[in-house]
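The values are calculated or read from the model by the stated rules, or taken from the named source; none is laboratory data. From a predicted model like this one, the values you see are computed outputs, not experimental measurements. Cβ sites come from the backbone with ideal geometry, for glycine too, and all protein chains shown count toward neighbours. The protein model used for the area step is the full one, side chains on, heavy atoms only, and it has no ligands, DNA or RNA in it. Shrake-Rupley method; radii C 1.70, N 1.55, O 1.52, S 1.80 Å.
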Amino acid sequence: MEREDPKVQKERRLMLTLIGTSVGFATLSALLVAKDLVPKPSHSPDRLPPQVGDVLVHATGHTQGEPLDPAALPLGGPPLLAYPMDPKTKVVRSGDPKSTLLVLRLDPKRLAPEVARYAAGEVVVYSAVCTHLGCIVSLWRPEGVLQCPCHGGEYDPYADRVVAGPPPRPLPLLPVKAEGGRLVVAGPFTGPVGVVG
């Protein structure tokens, strides 16, 4: 068997390196072009999650878009649906269902410490998005239980826990404070909103 000339070996290695580099650059270029074809998520102000300083407003009814008055909430439930609103631009963050909130005025003596620390006195705010399949939790049982209409998941708002049904985890709380007769977002949700894949 004949040995290949070292000069030919060197040229062959150089040629393979150039081909490999060309293929690499072609692949990278294709990936960069493909990345620009994927739709980007919208970051318009109405689709943002609640921001610190946002004011909570009524989500439905004849008072839709008006700030919630914590003192006017019924003690012991039922919850009111709300959205966060940027107080400067007046943009209501209703473009993403994950911004739908449940606002409750509850007996502070019954609140578990892990719930009370995120409350504004008697008022607690939860994400309204069920952690099971993402439905909006909208039912209230008189004994003080939030219920999802889709699969019957039940949540205890006093202790931030699941009490029945398929939800894998409790609803995340949204820290709030009372300011000038309004409810204001004081921090991010205590956990992921909705379904976690």
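Numbers below:
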| read-out | value |
| --- | --- |
| List Thr89, Thr63, Thr100, ordered by accessible area with a 1.4 Å probe, largest first | Thr89, Thr63, Thr100 |
| Gain on full stretching of the segment that runs from Val52 to Val196 - 0.36 nm per residue minus C-alpha separation | 49.5 nm |
| Segment Glu179-Val8, length gained on full extension (0.36 nm per residue, minus Cα span) | 53.5 nm |
| Set of aspartates and glutamates near Lys90 by C-alpha distance (under 16 Å), chain-local residues within fewer than 8 positions excluded | Asp46, Asp54, Glu66 |
| Equivalent ellipsoid semi-axes, region 48-131, via Cα gyration tensor eigenvalues times 5, rooted, Å | 21, 14, 12 |
| Prolate/oblate/rounded call for region 91-191, Cα gyration tensor, a/c under 1.5 rounded | oblate |
| Inter-label distance for Glu66 and Ala159, nm, one decimal - labels placed 7 Å from Cα along Cα-to-Cβ | 3.7 |
